[in-house]
Amino acid sequence: MSAFFSPFISKPEGVSLIMLKVLLALIPGIALYVWFFGSAILISITLASLTALGTEALMLKLRNRPISPFLKDNSALLTAWLLALSIPPLAPWWLVVVGTAFAISISKHLYGGLGNNPFNPAMIGYAVLIISFPLQMTHWITPHGLGQVELGFFDQLDYIFRGILPDGLKLDAVTMATPLDTLKTQLHMYGNINEIMNLPIYGHLAGQGSEWVATGFLLGGLYLLATRLISWHIPVAYLGTLFITAGLFHLADPAHYVTPLFHWFSGAAMIGAFFILTDPVSGPTTHKGKLIFAAGAGFITYLIRVFGGFPDGMAFATLLMNICVPLIDAYTQPKVFGKKGRLSDKNGGQA
Amino acid sequence: MTAQEIKDIFYNGLWKQNTGLVQLLGLCPLLAVSSSVVNAVSLGLATTLVMAFSSAAIAPIRNYVPNEIRIPVFILIIAVLVTVIQYEMNAYMYSLYVVLGIFIPLIVTNCIVLARIEAFASKNTATASALDGMAMGLGLTAVLMVLGGIREIFGHGTLLSGIDMALGESAKSLVITVIPDYHGFLLAILPPGAFIVLGLLIATRNWLTLRAERKAKAQQTASQTPQAAIA
Amino acid sequence: MRRTLAKASLHSALNLLFFAVLGTIVLSSTYLLTRDTIAQSVETEKLKLIAQIVPQDSYDNNIVQSTLDLPPDELLGTEETSIGYRATLKGEPSVVVLQPVAPDGYSGKIFLIVAIRSNGEVSGVRVVSHHETPGLGDYIEVAKNPWIKQFDGQSLTNHTAQDWQVKKDGGKFDSMAGATITPRAVVKAVHKAVQYFAKHRDQLLTQAPPSSPDKSGREGVKEKTK
């Protein structure tokens, strides 16, 4: 096997630069995150990054692959950042470690490593965590200025690593449900959007604070578009479908279905549209395929958010559409004259 | 029957043709009830009993049943045996019966039972067939036990929880807490956990087999050409 | 030719018949042998759940056989006739067991069993079945968390209507941060069950139990064949 290595070694260098730019594009969103919710997110990003690099090195060693070129390709870091950004910043340290290690080892390396994973590793990590530890996954930090108390950096560190809050404080006082989750529970109990939107946790379009974080990710996404690191197909199809579906429901019954803009600026919609669904490995290869893939994800996100049992649907929508990728690819591959086996041809090229 | 034949039957059932890891037959109940050791082993043993008795019952009558109706007759016999076991569990291990629920009657439709009858019992003597059914069942039980054990440790941090359902209240002291104050990794208990752990078990088995083959090959070449081995 | 075909068919039919008869004999005899034990197991199991919430020294009758048919009631959350049980000590009614339903759990109905003493105090509550999210709403199960024991000893006299809520809504009952819909539903259902008891106290305590031991014995068998 080792004879076939050489072509791979040159590959990670190109990947490395792309990944670095994607990481840079996440920074505006992260900066706004810190501004509104405090620095806890930096702790979990660091923790996830270290775990990702450690797991990556261990898996490469177990698989008898060269460690350093793959470790430097930054793809594990991107997985770590995306995962850390999708779980509550105050989550206990082991939650971050378990999720990241699972994402890297099982959903990436067991499928053959970078380039062969059928599912988005960060979203697998998220799915594992929300299914296994739903309680810890609901402890979101209350945004700046809304809660009675705010935790300092060291208090946050204390809570993440030792599970201890300052004297007399209860978790309820510093955490809250996400804007999407609150919307769902409030609708369940009282059921009128106009009253719910007057709650202090809601801002201009969506959640107080979190709407700005989403805007930050939108900016980063526009940078990715401008530098042609991603094509317009996925973000446009995803956000478009989400907008149209949410818009139709909102028009039909504005008292029970929120505005499409609320859906755009809530949860993982923005980061998903530009950073998660655009993962070239687990997504389709053709432009037409990308449109179908992202539109499907947008539609499923809406269904899960509004009718499903989970507060956000982005992760499950991504994973469900990941499963469809081989099918989408098979039907959208351009016909090559004189060739019959489109499928086998493509697989050969990828391997 | 020679000792070698008996040994072959058991080697086949427990390792070479293991139903859970190699033949991959009858996985539905295997995945559904293997969330704890007690559940897993109970269903495994119930299946083993059915397999051993149905193989033993069918082998002696195989020449008297017309070929065209052999499947209905076999299924009838299996169904009778399963129902008897179901009644007995309902009477004497009621809480376990409630936990295993629909999966006890479903043993009838477990393809591994009929598969062994068609493949083995309809061609062999009663003793050999009974042993084959038992070996196959025990192979399945062993996989279920490991699967249930891994899922229970990861999911709950315990082993043998619920043993009192099978052995009575006094057995409660047998429950082992492997990890105290454990948060519980729910994924391991839920259906995806069953698939992931089974996948890892199959991979481990394949790895062991490959390693053994490679070793055997290396030994063979070494004994044939001693020089090559030195080089 | 036709004759051999007929003969073969007859042979097959007889063969099948033979095994069917044999199977029936084996099954019927097992059924007869295990019938009584099964009925007994079903009853002990039921009693086990009730015994968790009715103190052993507060009754001397066979609770499982002392049933009350309760018509559907908004306070019980029931849409069909539900069964209540009455515990008596030396002929005096001591505890009534109700089976209310909480209709507003996070994922559907939560089925409860609530024991109330003759003085209106809750003796104990258990969850019979639910579909709440594993790891989130399932701390209402006594096997996972002692949360449900908070109800022991509570009544309409020592708790006001305001108190019969989770702490987050200004009441006296704990709930876990991040999972409040489930406990809300359970607190509400238990509160209503206590109100139901207060409203129908006399009937629940004195009405003659309609079922005879013979009938419930047969019920046990029916249960099994389901």
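The values are calculated or read from the model by the stated rules, or taken from the named source; none is laboratory data. Quantities reported herein were computed from a predicted structural model and do not represent experimental measurements. Every residue, glycine as well, gets a Cβ built from its backbone with ideal geometry; the counts of neighbours run over all protein chains shown. Protein only, heavy atoms only, side chains kept; ligands, DNA and RNA dropped before computing areas. Shrake-Rupley method; radii C 1.70, N 1.55, O 1.52, S 1.80 Å.
Local charge for A:ILE164 was computed over the other residues whose Cβ lies under 12 Å away, with Lys and Arg +1 and Asp and Glu -1, and equals -2. Using only helices, what value at 222 nm comes out for chain A when you add -39,500 (n - 2.57) per DSSP H run of length 4 or more and divide by the total residues, to the nearest 500 deg cm²/dmol? Rounded to the nearest 500, the figure is -20000 deg cm²/dmol.
For chain C, the fraction of C-alpha pairs more than 30 angstrom apart is 38%. Take the Cα radius of gyration of segment A:178-351 and divide it by 2.2 N^0.38 Å, N being the number of residues; the result is 1.16. A 1.4 Å probe run over the protein chains yields, for segment A:178-351, 48 Å² of accessible area per residue, whole-number rounding.
Summing both sides, the accessible surface hidden between A and B at a 1.4 Å probe radius is close to 700 Å². Within chain A, the longest segment free of exposed loop sites, counting trypsin sites (Lys or Arg not before Pro) that fall outside DSSP classes H, G, I, E and B and have at most 11 other Cβ atoms within 10 Å, spans A:1-169. Considering only A:THR332, A:SER49, A:LEU83, the residue lying farthest towards the positive end of the dipole of chain A is A:THR332, judged by Cα position with unit charges set on Cβ. Farthest toward the positive end of the dipole of the protein assembly as shown, out of A:ALA31, B:ASN67, C:SER58, is the Cα of B:ASN67, where the dipole comes from beta carbon charges about the Cα centre.
Of the residues making up segment C:106-132, those losing 40 Å² or more of accessible area when the isolated chain is joined by the remaining protein chains, with a 1.4 Å probe, are C:TYR106.
Under a model in which nothing but the beta-carbon of Lys, Arg (+1) and Asp, Glu (-1) is charged, chain C shows a dipole of about 960 debye around its Cα centre. When only the Cβ of Lys, Arg, Asp and Glu is charged (+1, +1, -1, -1), the dipole of the protein assembly as shown relative to its Cα centre reaches about 3100 debye. When the residues B:ARG151, A:ARG65 are ordered by accessible surface, computed with a 1.4 Å probe over the protein chains alone, the sequence from largest down reads A:ARG65, B:ARG151. Ellipsoid semi-axes for segment A:1-176, based on the Cα gyration tensor and the rule √(5λ), read 34, 16, 12 Å when sorted largest first. With Rh defined as the Kirkwood radius, the inverse of the mean 1/r over Cα pairs, the Rg/Rh of the protein assembly as shown is 1.02. Counting only protein chain heavy atoms and rolling a 1.4 Å probe, the accessible areas of A:ASP167, A:ASP155 rank, largest first, as A:ASP167, A:ASP155. Eigen-decomposition of the gyration tensor built on the alpha-carbon atoms of chain B gives equivalent ellipsoid semi-axes of 32, 30, 14 angstrom, largest listed first.
Put +1 on the Cβ of each Lys and Arg and -1 on the Cβ of each Asp and Glu in the protein assembly as shown; which of B:ASN12, A:LEU58, C:ALA143 then has its Cα farthest toward the positive end of the dipole? Ranked along the dipole, the leading option is B:ASN12.
Between segment B:1-64 and segment A:287-332, what is the C-alpha centre distance in whole Å? Distance between centres, Cα-based: 42 Å. Residues of segment B:167-193 whose accessible area (probe 1.4 Å, heavy atoms of protein chains only) drops by at least 30 Å² once all protein chains are present, relative to their chain alone: B:HIS183, B:PHE185, B:LEU186, B:LEU187, B:LEU190. Each Lys or Arg adds one and each Asp or Glu takes one away; over the other residues whose Cβ falls under 15 Å from the Cβ of A:ASP312, this sums to 0. Evaluated with a Cβ-only charge set (Lys, Arg +1; Asp, Glu -1), chain A carries a dipole of roughly 1600 debye about its Cα centre, given to the nearest 20. In terms of accessible area, using a 1.4 Å probe and ignoring ligands and nucleic acids, A:PHE299, A:PHE262 rank largest first as A:PHE299, A:PHE262. Extent of chain A along its three principal axes (Cα atoms, max minus min coordinate, largest first): 65, 49, 35 Å.
What percentage of the solvent-accessible surface of the protein assembly as shown, computed with a 1.4 Å probe over protein heavy atoms, is contributed by carbon and sulfur atoms? Carbon and sulfur together cover 64 percent of it.
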